[in-house]
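In what follows, a single structure is set out as C-alpha cells and then discussed.
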Amino acid sequence: MKSSQIKSKSKMIFVTGTNTDVGKTYISEKIISHLLKVNKSVAVYKPIETGCRKINKKLVPLDSGNYYKLLNKKIPIDVINPFRFIPPISPNRAIKLAKKKIYIKNFVDKFKDFNEFEYVLVEGAGGLCSPISLDGLNIDLIKKLGLDCILVARDEIGVINNVLLCINTLKQHKVGLKAVVLNRIVKKQPKGMDNASELTKLTKIPIIQFVNGLPSKKAISKLIKLSFK
C-alpha cells in the first residue's frame, strides 16, 4: 500500500494505541486543550467511530462529540468524524454488518479540510493492528496518510510486551514513532512495578508517563514538542 504523503503546511500526528480503551481520546484532548490555551489553531480527525448512540434519527459519536465541543463547535462533526456505527465492535465488523463499503481510500479522501490549521491530530480506532476498514488496519491508514505517530498504552502488567510488539511493527512498516505514552488508568499498581523505567532501558523511543490520569503540564508540553518537531 503506497503512502499518499498528504501535502500540508500543518503539523500533523496520528494517535494510535496498543489496544482499545487505552486513553487515545483522553491524551488527544489534553494535547488539544494545551494548544488552544496558547492560541494555536487545532483540528482533529477521527475517521470512523463505533459504539455511537442514535438520537433523533442521527448517530451521535461519544469521542468525536467530545472533540466537537472541545473545539467550540467550530469544525462540523461530520468533518471530524465522517463514518459512524452503533455496535461497539471493530469498525471492520460494523461496516460488514451494515453492508457498507468503506475502504482506507475513503478515509484518506475525507482528510482534506484541515490545511488551514496549524496542528492536526488524527485518532484511529482500537489498537495499531485493529481492522479499521474493509481493506486495512490502523497501521495501513497511518502509512497511507504518510504520518508519524504517538503510541498510547495502559500502564499495567503486560504493557512492556505490547509496547515492544507495536514498536517492532511500526519499524517493519517504516512508520515514524515520536513517543510512547504510558497512561496509568488504574490508580492501584503492583508493588515494585515500574514499566516506564524498564521500557526506557529497552527502547530509545521517548517514554512519557501520565500517572493516575492527571498528566502534568510538563508531560503534555514534552509530548507536544516530541509529536510535532
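Throughout, read-outs are computed from the coordinates displayed, never taken from laboratory work. Keep in mind the model is a prediction, meaning the values are calculated, not measured. Counting neighbours? That spans all protein chains shown, and the Cβs are built from the backbone with ideal geometry, glycine included.
Only the Cβ atoms of Lys and Arg (+1) and of Asp and Glu (-1) were treated as charged; on that basis the dipole of region 100-229 about its Cα centre amounts to roughly 240 debye.
Here the convex hull built on the C-alpha positions of the chain has a volume of 125 cubic angstrom per residue. Sparse packing (at most 16 other Cβ atoms within 10 Å of the Cβ) combined with a DSSP loop state is found for the following GluC sites (Glu not before Pro) in region 108-155: GLU116, GLU118.
Placing unit charges on each Cβ (+1 for Lys and Arg, -1 for Asp and Glu) gives region 13-228 a dipole about its Cα centre, and among ILE86, LEU35, LEU164 the Cα reaching farthest toward its positive end belongs to ILE86. Seen from all directions on average, region 69-194 presents a Cα convex hull projection of 9.8 nm². In summary, the lysines within cross-link reach of LYS188, defined as a Cα separation below 29 angstrom excluding same-chain residues under 8 places away, comprise LYS24, LYS30, LYS178, LYS201, LYS204, LYS217, LYS218, LYS222.
When both region 155-229 and region 77-112 are represented by their alpha-carbon centers, they are found 28 Å apart. Over the chain, Cα pairs under 8 Å with separation of 6+ residues give a relative contact order of 26 percent. Scanning the chain for DSSP H helices at least 18 Å long along the axis (C-alpha atoms) with a Kyte-Doolittle mean no lower than -0.5 picks out 24-37, 159-172.
Pairs exceeding a 23 Å alpha-carbon distance, out of LYS46/LYS144; LYS54/LYS100; LYS40/LYS174: LYS40/LYS174. About the centre of its Cα atoms, the chain shows a dipole size close to 360 debye [charges on the beta carbon of Lys, Arg (+1) and Asp, Glu (-1) only; nearest 20 debye]. Excluding same-chain neighbours fewer than eight residues apart, the aspartates and glutamates reachable from LYS171 by a Cα-Cα span under 12 Å are ASP148. When the Gaussian network model of the chain links Cα atoms closer than 10 Å, the mean-square fluctuations of ILE32, ILE150, ILE89 top out at ILE89. With neighbour counts taken as other beta-carbon atoms within 10 Å, the residues SER33, SER133 rank, fewest first, as SER33, SER133. Bridge orientation summary for the chain: considering DSSP beta bridges with both residues in this region, about 15 percent are antiparallel.
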